[in-house]
Amino acid sequence: MTDIIAIATRREVLKGGGALIVGFGLACRFSPAAAQASATATAAKTIAADEVDGFLAIGADGKVTVFSGKVDLGTGVRTALTQIVADELDVPFEKVAVIQGDTALTPDQGPTYGSLSIQNGGMQIRQAAATARKRLIELAAEKLGMPAADLAVEGGAIQPKSGGAGVGYGDLIGGKTFALKLDKEAKTKDPAAFRIVGKGVPRLDIPDKVTGRFTYMQDARVDGMLHGRVVRPPALGASLQSVDEASVKDIPGLVKVVREGNFLGVVAESEWGAIKASRKLKATWSKWAELPEQAKLFEHVRATKVSKDDVTSTVGAVDDAMAKGAKTLKATYDFAVHTHGSIGPSCAIVEIKDDRLTCWTPSQATHNLRKQLAAMLGMAPENVRCLYIDGSGCYGRNGHEDAAGDAALLARRVGKPVRVQWMREDEHGWDPKGPPTLVDLRAALDPQGEVIAWDSQFFIPEGAAGNVPLVAASLAGLPHETAFAPGNIIQNSAIPYTFANIRTVCHRLAETPFRPSWIRTPGRMQNSFANESFMDELAAASGADPLEFRLKHLNDPRGAELLQRLAALAKWEKRPSPQKQAASGEISRGRGLTYVKYELVRTYVGAVAEVEVNRRTGEIRVPRFYVVHDCGQIINPDGLRNQIEGNVIQTVSRTLFEELTWDRSMVTSLDWASYPIITFPAVPEVVIDLIDRPAEKPWGAGEPSAAVIPSAISNAVFDAIGVRLRSVPFTPLKVKTATQSI
């Protein structure tokens with residue numbers, strides 16, 4: 001097994017030709033000694049987000065290193081950033097390398113969430129590259145004694161347009177700093193001149209992933225490390241009363257039992273030793289049973305104290321219009337509590353030595369995690385370093401940061417690096433959850449069936465995107481943030497359609513049953529599910545085709561174009577829903593359409609779901625999805641398709657199968673049998689039409705296409721059997737119950 005220095009100083013990076021070269025076998029072994037030795041040296045490398053040197057370095061051989069605060073969570077961001085920089089600097093794709101999520105080397109560009117990696121982070125890097133290009137041309141002009149306007153860039157070299165000898169980037173600045181602020185006026189490349197951006201470049205990570213050579217965090221090892229496991233309370237709010245350390249004295253290789261407040265863990269020389277000790281250690285806990293009854297969850301949500309109301313849109317006089325309506329429609333939608341269900345359990349390694357902490361982590365927010373670990377342990381943030389390593393399973397804030405917190409507390413007590421990998425029951429029982437959502441909707445129609453008023457009330461936790469308190473800090477009674485952080489979940493509560501009277505209000509709840517966090521498309525998915533399903537209800541009440549009904553109330557040419565392309569892609573048959581044709585056998589088939597403009601300011605997505613509903617068993621199958629996607633300028637169409645396909649598959653899983661279960665004390669869906677996810681036979685075919693707008697800014701694609709999936713399936717089921725599903729997940733029992741009620 002190869003020892004690897006995972007920490008690079010600026011000097012080491014530049015000596016290596018601007019690239020961090022990492023070799024690995026079946027597991028990747030890092031050197032903590034190298035991490036500590038380089039901690040001081042890396043301080044010389046700026047991580048300022050307003051300086052070119054924060055983002056770029058050019059080696060003596062002309063190779064370019066990109067320093068990205070945004071990380072690749074398996075979504076292809078690393079490849080897209082490589083394309084952006086290679087194109088902007090006119091260097092070969094293979095001469096660009098990306099270092100990501102290292103708090104000592106990369107700027108803090110915010111967590112990797114919200115579909116902002118390319119839209120924000122990538123555009124910062126593009127501007128840094130444009131600034132660097134401008135400066136390189138100036139340097140070449142000085143060296144060649146020619147006006148900058150007479151020079152052209154090609155393949156990492158600057159040459160006279162008239163021909164003749166030029167000068168390479170490495171000769172101009174290799175190994176030196178730019179010492180430049182980002183120039184907002186530096187002109188980025190004309191999209192017409194793109195050579196790499198907009199092309200389907202194969203993702204850099206895929207070859208090693210499909211051959212089993214890729215190093216995930218779960219594969220990583222550190223010299224001299226020990227293994228830790230946390231002994232969890234049997235109830236979420238239980239207190240630790242006593243520990244019998246003698247109960248594990250015969251475990252071979254046991255190093256230490258660690259108790260700090262209600263935090264209880266074990267450290268052993270081997271992982272199996274740590275697992276055995278955690279299972280055998282006898283401890284006494286208090287009783288606690290304050291979770292709401294699951295069967296009465298949404299009664300509990302409705303009864304929860306409202307901290308404030310966020311009015312996300314108001315047009316006209318809704319109450320007056322409602323009173324005048326010839327017909328009023330009402331509906332209530334709800335969305336279950338979801339766990340992340342990461343297939344690779346959360347993992348981290350932490351070493352604390354000489355008052356410095358080094359953490360290897362798959363966190364999508366390494367700069368935030370740095371602050372959290374520092375606060376928890378009372379350390380200066382500059383003495384904490386977090387380094388990103390790809391995790392097997394990460395979308396939204398799952399348990400990776402919590403595993404780092406566990407490892408930090410254990411490492412502090414044993415003086416050696418400690419690796420913590422959660423067990424399946426840790427992952428399902430203790431990761432933050434996507435909170436429940438409850439939505440009440442009303443609409444009034446006039447005698448001609450025209451909608452004259454729309455009113456929606458959302459019951460969702462307060463809080464916004466931020467740090468989720470670490471489980472370890474909470475259990476140990478150490479400093480941590482107490483505010484909710486379920487994500488900016490009021491987004492897409494307002495609707496993209498034009499009615500004369502509209503009111504959308506988010507009632508922000510003072511508490512929620514489980515520690516909340518953002519899971520892919522937080523809020524946008526739940527809110528769009530209610531809104532787009534209710535739009536279908538209105539179309540049906542008006543006797544209108546669902547597509548024509550949306551177009552009639554959509555004052556957005558770009559959105560209308562997308563829906564027209566969706567109709568062509570899916571060969572949409574214009575008619576009211578549900579369909580009138582007789583079912584064949586037990587299976588009824590239907591199609592449902594839905595649309596979203598993400599956060600009402602960016603990425604447009606339209607989708608048509610095809611479903612098959614077994615009327616006897618209540619089972620729903622989704623054989624096919626059609627998706628049209630407009631995120632402005634496309635960096636890598638192949639990578640974008642990967643994103644859309646992944647969103648569809650994962651969200652079909654969330655819509656049909658996934659639901660957290662619990663008793664009054666604890667989560668009970670602690671394995672794949674009790675928390676099922678989609679399996680290969682249920683994966684739909686995904687047919688995609690991408691709208692590329694090279695002259696526009698690029699928008700995000702990591703989340704938006706997930707937002708349309710639940711409503712598309714609900715609308716398709718209604719089209720198939722005339723039953724409206726308003727509660728996610730759409731289980732067979734719910735389908736049969738709804739069918740019996742009509």
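The values are calculated or read from the model by the stated rules, or taken from the named source; none is laboratory data. In this text, all values refer to a predicted model and were calculated from it rather than measured experimentally. When we count neighbours, we look across all protein chains shown, and the Cβ atoms used for this are built from the backbone with ideal geometry, even at glycine.
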SER665 of a type outside the set (Val, Ile, Thr), touching a strand residue (DSSP E or B) at 6+ places or on another chain (Cβ under 6 Å) and over 18 Å from ARG589 (Cα atoms): no
Out of LYS95, LYS45, sole residue that is basic (Lys, Arg) and at pLDDT 95 or above: LYS95
Residue pairs meeting the criteria (Cβ under 8 Å; at least 6 apart or on separate chains; first closer than 11 Å to ARG615 by Cβ, in region 577-594; second among the hydroxyl-bearing types (Ser, Thr, Tyr) and at pLDDT 95 or above): GLU586/THR617
Flag for ASP87 being closer than 30 Å to ARG693 by Cα and within 29 Å of the chain's Cα centre (by Cα): yes
Helices (runs of 4 or more DSSP H) enclosed by region 104-210 - at least 2 residues per element that are buried (at least 19 other Cβ atoms within 10 Å of the Cβ): 123-144, 169-173
GLU351 vs. criteria more than 24 Å from the chain's Cα centre (by Cα), surrounded by fewer than 24 Cβ atoms within 10 Å (Cβ to Cβ) and of a type outside the set (A, V, I, L, M): no
Qualifying positions in region 396-417 - surrounded by fewer than 24 Cβ atoms within 10 Å (Cβ to Cβ) and more than 25 Å from ALA268 (Cβ to Cβ): GLY396
Wholly within region 506-624, helices (runs of 4 or more DSSP H) carrying at least 2 residues that are of a type in the set (Val, Ile, Thr), buried (at least 20 other Cβ atoms within 10 Å of the Cβ) and at pLDDT 95 or above: none
Pairs with Cβ under 8 Å, 6+ apart, first in region 276-288 and part of a helix (DSSP H, G or I), second surrounded by fewer than 15 Cβ atoms within 10 Å (Cβ to Cβ): LYS280/SER247
Verdict on ILE677 being closer than 24 Å to VAL201 by Cβ and in contact with a helix residue (DSSP H, G or I) (Cβ under 6 Å, 6 or more places away or on another chain): no
The listed residue being in the same structural domain as PHE625 (by TED's automatic domain parsing), part of a helix (DSSP H, G or I) and modelled with pLDDT of 95 or more, out of PRO694, PRO710: PRO710
Selected residue [over 29 Å from ILE84 (Cβ atoms), outside the structural domain of VAL201 (by TED's automatic domain parsing) and among the aliphatic types (A, V, I, L, M)] from VAL622, VAL648, VAL686, VAL628: VAL622
Matching entry among GLY463, GLY449 (being under 17 Å from MET535 (Cα atoms), in a loop (DSSP other than H, G, I, E, B) and either of a type in the set (D, E, K, R) or at pLDDT below 95 (or both)): GLY449
For ARG558: the one exception among (1) assigned by TED's automatic domain parsing to the domain that holds VAL735; (2) within 30 Å of THR661 (Cα to Cα): (2)
Check on SER242, touching a residue at least 24 places away in the same chain (Cβ under 8 Å), exposed (fewer than 15 other Cβ atoms within 10 Å of the Cβ) and more than 26 Å from ASP663 (Cβ to Cβ): no
Candidate set from region 245-273 (those that are in a helix (DSSP H, G or I) and out of contact with any Leu (no Cβ under 8 Å at 6 or more places or on another chain)); member that is surrounded by the fewest Cβ atoms within 10 Å (Cβ to Cβ): ALA246
